[in-house]
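The values are calculated or read from the model by the stated rules, or taken from the named source; none is laboratory data. Just so we're clear, the structure is a prediction, and the values are computed from it rather than from any experiment. Here the Cβ positions follow ideal geometry from the backbone for every residue, glycine too, while neighbour counts run over all protein chains shown.
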Number of protein chains: 2
Amino acid sequence: MPRANDVVTKTQTPKGTVDLMPEEAWKRQFMERAFTRVFESWGYQEIRTPTFEYFNALSTGTGLELQDSMFVFQDKAGRLLALRPENTASIARVAATKLLAVPRPIRLYYIAPMFRYDEPQAGRQREFWQAGIELIGVPGAEGDAEVITVFIDDLQSVGLKDLKVDIGHVGLFLSVVKASGISWDEADVLRRLIDKKDFNGLEKALVDVNCSEEFKEVFRRLPSLRGGKEVVNDVGELIGSDEFPEIKVNIENLIEAYDLLVDYGVEDSIALDLGIVRGLDYYTGTVFEAYVPEFDLAIGGGGRYDNLITEFRTSVGVAGETIHATGFSIGIDRTLIALEKQGFGFPKRPPYFMVIWLDDSLRNLTLKTSLKLRKKGFTVISEVRGRKLSNALEYANKMNVTAVLLFGKKEVEKGKIAVKNMKTGEQEEVPISDIEKHLSKISKVK
Amino acid sequence: MPRANDVVTKTQTPKGTVDLMPEEAWKRQFMERAFTRVFESWGYQEIRTPTFEYFNALSTGTGLELQDSMFVFQDKAGRLLALRPENTASIARVAATKLLAVPRPIRLYYIAPMFRYDEPQAGRQREFWQAGIELIGVPGAEGDAEVITVFIDDLQSVGLKDLKVDIGHVGLFLSVVKASGISWDEADVLRRLIDKKDFNGLEKALVDVNCSEEFKEVFRRLPSLRGGKEVVNDVGELIGSDEFPEIKVNIENLIEAYDLLVDYGVEDSIALDLGIVRGLDYYTGTVFEAYVPEFDLAIGGGGRYDNLITEFRTSVGVAGETIHATGFSIGIDRTLIALEKQGFGFPKRPPYFMVIWLDDSLRNLTLKTSLKLRKKGFTVISEVRGRKLSNALEYANKMNVTAVLLFGKKEVEKGKIAVKNMKTGEQEEVPISDIEKHLSKISKVK
């Protein structure tokens, strides 16, 4: 008997990885095509960065949490490589090097697998697929609003209903932190608690935090400030934002983004939520996440990261002007789960056909006819096992073939073949010259 | 100043990996779509296996050479993982486990990146893309012929000209080896020399090989036996194949595959070449490789592997009947190089448009009009930097925008907008209700 370990490592995939079987791959193709169509319609163009890169590049601008979750290995010179945990750092690297001379804005998209050595959860395996965009070189709310509208357009285009995108502002949070005088370590503790909407934890943490009661009240209320434009005004009044110009700028930025989103006509799909202060460390401004009522995990998210590209440049000694950027990523696996929970009807595969020659002298005619039909856009399989007719038909039946084309001597002598409709069981003789028309008809009836 | 190592690891990709920029990614999308269309028209369905797997699974049935070229790392339990160097072993694993109850033949395809830690060469980076199929459960020449025809259909469908597929037979070679009485080690030396068409090396190696002069003459001639069906008859006569039933079966199998390929109408694209005895250790029968005159490396290849799926089963103690299989993979990067060497005209991106609002009161109308146009299938970017008109138009010009839609107060009051054709420089006023028609017209003229 083989050793147990051998059985596992020969026949199973590693934890957190899956074989996507044809039915699953078909759904993903549908989603990827829909995402691609939307991306391209907004003028975004595909970029493909390497599946693995130097650990140093991938960890630029990211926190320890993401760095710890990378699959790391070494090249033969001992340099650390890693599988990409997300695509933004790689695209920022490209923007900071190869795209400096390209006119801005630059619009890029990607659809690719990412890798994180985390405990697998719903829609987040260790290998998981993301679709996303990066809009590079737009400093203002116009950039945020465009990216959020593409985000919504994308998710609605695959069929998601009742989508809600919650929009927060890391820049506003950071300017409040600065004005409050608390330390960055204290701020990081508060950020996590606020982002998790952990009211109890937040209350406890605020006891020891070193700032005025007025600011404590702001931090306390952030996770519940959710709604329309009024929540931004609320926070402005709470703080007395006229005293703090940086806070004021961020508030105005968020309000402007909101107004633009209204102009895009997506106001029904958005809510401001000042409790959204996302995890990835490179965010500097607007941040957002998408949810549907049927699934409690974020389907995707994104935000503005105005320092990351510059960080790539300064880290190699070529600092320059700030290169602004906003982007998002959608979890394809999570979108799929959300669609399934909503009972979405994925498109079916098109009808397809099978050819069988009943006499070897008709092999040539059969194969050439099948080639012609494929060139016309039909999907045709051919019986290549030389089975008894009954066995071949049983196969066709199990495989959900729409109709079988039987090339028999008697019929071919009359210029015809027999077409057996596998749904109805009916068989009729069709002139060879009419096959195409006939198959089109059957395809539509279905 | 940053350290030199930092500069490299922050701004460059590891050796053998590349950033595929939009122009490059666009060509690949075109190729992948063409491959997908052909695969699906033959009834093949997509499967996606993990990017990394257990080293044990990926090295099943493969030789040391491929095992040495894998990117290997460990999971936290110390088990060896590797990036997949090719896709056949993974699909064989799936066939040996999850697909046992599925009616055969099973037709699967994949388009995905593969990874080998080799010295980079033309069209073969350390991360490189392959498209391929596996036809599972067809024992006879019908399976080989179908797979070779799909191979040719694929390569021709992306626009390759003067394609030649050389077809050899590892099974025939192995049965000659068996009949000659030489050892497997000797056979492996000869196989490599024959596959490389290294006539001098072969001559030298044959001196020490322990078999009759008659068989030496067969081995000597294998690399030059290239042409139509006659070369198979030649080898048959040379050996006196009637004495060796196993050799005879293989010769008949190759002749039958050839005859089927003639029936498929691809005889102009094939040549028998008994010197093709490909590297991967799992091949057992027909093997083949594709070339074009302009490029001296194989663009793709494949063959029959009747033992690999069974090896996965026996390795875990559940041996059973043999599960026959044939497949191929196409190097997408190499196909691209070959197309470029042939001066192939890749399809251009479709015409696209840019919208600019000249007055903030028209922002809403502009954004909503652009959304409508996108839903109709147009690609539209919008001016989101609030630049001076001249700067925005300069951007449009550099970005090859086809026409710019200017939303100005005066025109909109008349129910019109100004459309500036960036190719001709002409500007005309178009009723808002006619924009779609107008853009369609411009798109076609181009």
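Before moving on, here are some points about what is shown:
- Every test in (1) under 28 Å from A:S175 (Cα atoms); (2) touching a strand residue (DSSP E or B) at 6+ places or on another chain (Cβ under 9 Å); (3) crowded, with 19+ Cβ neighbours inside 10 Å; (4) not β-branched (V, I, T) is passed by A:R334 save one, and that test is (1).
- In the stretch B:55-74, the residues that are in contact with a strand residue (DSSP E or B) (Cβ under 6 Å, 6 or more places away or on another chain) and at the interface with another protein chain (Cβ under 7 Å from one of its Cβ atoms): B:F71, B:F73
- Scanning the stretch B:6-16 for residues that are free of Cβ contacts under 8 Å to residues at least 24 places away in the same chain and either among the acidic types (D, E) or more than 8 Å from every other protein chain (Cβ to nearest Cβ) (or both) returns a single hit, B:D6.
- Within the span defined as the stretch B:231-239, one or more residues are in the same structural domain as B:E311 (by TED's automatic domain parsing), within 24 Å of B:F328 (Cα to Cα) and at pLDDT below 95.
- Filter result (more than 8 Å from every other protein chain (Cβ to nearest Cβ), small (G, A, S) and within 19 Å of B:G140 (Cβ to Cβ)) within the stretch A:351-395: A:S361, A:S370, A:A392
- Yes/no for B:P50 being over 16 Å from the mean Cα position of the chain (by Cα), without any contact (Cβ under 8 Å) to a residue 24 or more places away in the chain and within 8 Å of chain A (Cβ to nearest Cβ): no
- Every condition in (1) crowded, with 17+ Cβ neighbours inside 10 Å; (2) more than 21 Å from B:G302 (Cα to Cα); (3) at pLDDT 95 or above is met by B:T97 except one, and the failing one is (3).
- Test for A:E40: is it of a type in the set (D, E), within 8 Å of chain B (Cβ to nearest Cβ) and under 17 Å from B:W129 (Cβ atoms): no
- Any chance B:D208 is in the same structural domain as B:I148 (by TED's automatic domain parsing), closer than 12 Å to B:V277 by Cβ and not aromatic (F, W, Y): no
- Listed by position, the helices (runs of 4 or more DSSP H) enclosed by the stretch A:203-316 that each have at least 1 residues that are closer than 30 Å to A:G343 by Cβ are A:245-263.
- Candidates A:S180, A:S224, A:S175: the one that is in contact (Cβ under 8 Å) with a residue 40 or more places away in the chain, hydroxyl-bearing (S, T, Y) and surrounded by 18 or more Cβ atoms within 10 Å (Cβ to Cβ) is A:S175.
- Filtered by the rule that a residue be at the interface with chain A (Cβ under 9 Å from one of its Cβ atoms) and under 17 Å from A:T49 (Cβ atoms), the stretch B:17-37 gives B:T17, B:V18, B:D19, B:L20, B:M21, B:P22, B:E23, B:E24, B:A25, B:W26, B:R28, B:Q29.
- Taking residues in the stretch A:106-129 that are acidic (D, E), and partners anywhere that are in a strand (DSSP E or B), the pairs with Cβ atoms closer than 8 Å and at least 6 places apart or on different chains are A:D118/A:R124; A:E127/A:P113; A:E127/A:M114; A:E127/A:F115; A:E127/B:F52.
- Scan the stretch A:105-135 for residues that are of a type outside the set (S, T, N, Q) and either in a loop (DSSP other than H, G, I, E, B) or within 18 Å of A:N253 (Cβ to Cβ) (or both) and the total you get is 10.
- Those strands (runs of 3 or more DSSP E) of the stretch A:46-93 in which at least 1 residues are buried (at least 22 other Cβ atoms within 10 Å of the Cβ) and at pLDDT 95 or above, considering only elements entirely within it, cover A:52-54, A:80-83.
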